[in-house]
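The values are calculated or read from the model by the stated rules, or taken from the named source; none is laboratory data. This one's a predicted model, so the numbers in the text were calculated from it and none came from an experiment. No Cβ is skipped: glycine too gets one built from the backbone with ideal geometry, and neighbour counts run over all protein chains shown. These area figures cover heavy atoms from the full protein model, side chains too; ligands, DNA and RNA do not enter into them. Shrake-Rupley method; radii C 1.70, N 1.55, O 1.52, S 1.80 Å.
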Amino acid sequence: MAVTGSALLIEAAAFAEIGGWSEVYDYYFEDIDLAIKTWKRGREVLHVPDSVIFHRVSATMTVGAERKFFYFWRNRLLLAGIHWPLGMLLAVLQRAIVAEVIRRPWRDSQLQRRALFGA
């Protein structure tokens, strides 16, 4: 389980101990990276179902923006590359590259190709 940055509460000492936000992502998935680093340090990531968070709009980029899709694609590849075991990573990359890039027409997969090379 991971928490989104818009609904995240973390002790300053724990944040510093795990190295804080990773700047490799620029936008998106840095919150999931933070949760994984927290687990790897033996700390808990808790889900509090009684809490209520209102996140009305994504202010980072407009909905449907090509740049947003690029970062989503690139950063999920980066996250997998950084945290997943090699065997799992190779299987997922093979599936992602074949299904989402190679089997699609060039005009429909340009963004994914750029994200793959960016990762």
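Checked against the criteria, residue 47 counts as open to solvent by 90 Å² or more (accessible area, probe 1.4 Å) and touching a residue at least 12 places away in the same chain (Cβ under 8 Å).
Under the condition of being modelled with pLDDT of 75 or more and out of contact with any helix residue (DSSP H, G or I) (no Cβ under 9 Å at 6 or more places or on another chain), which residue from the range 105-119 is least open to solvent (accessible area, probe 1.4 Å)? Per the stated criteria, the residue is 105.
Sub-6 Å Cβ pairs linking a first residue in the range 68-94 that is within 19 Å of residue 24 (Cβ to Cβ) and of a type outside the set (Lys, Arg) to a second residue that is open to solvent by less than 30 Å² (accessible area, probe 1.4 Å) and not in a helix (DSSP H, G or I), at least 6 apart or interchain, are 75/25, ordered by first then second residue.
Condition check ((1) loosely packed, with under 14 Cβ neighbours inside 10 Å; (2) out of contact with any His (no Cβ under 9 Å at 6 or more places or on another chain); (3) charged (D, E, K, R)) across all residues:
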site: 23; (1), (2), (3): yes, yes, yes
site: 43; (1), (2), (3): no, yes, yes
site: 72; (1), (2), (3): no, yes, no
site: 84; (1), (2), (3): no, yes, no
site: 87; (1), (2), (3): yes, yes, no
site: 103; (1), (2), (3): yes, yes, yes
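Yes or no, residue by residue, for (1) open to solvent by less than 40 Å² (accessible area, probe 1.4 Å); (2) in contact with a Leu (Cβ under 8 Å, 6 or more places away or on another chain):
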| residue | (1), (2) |
| --- | --- |
| 18 | yes, yes |
| 38 | yes, no |
| 52 | no, no |
| 67 | no, no |
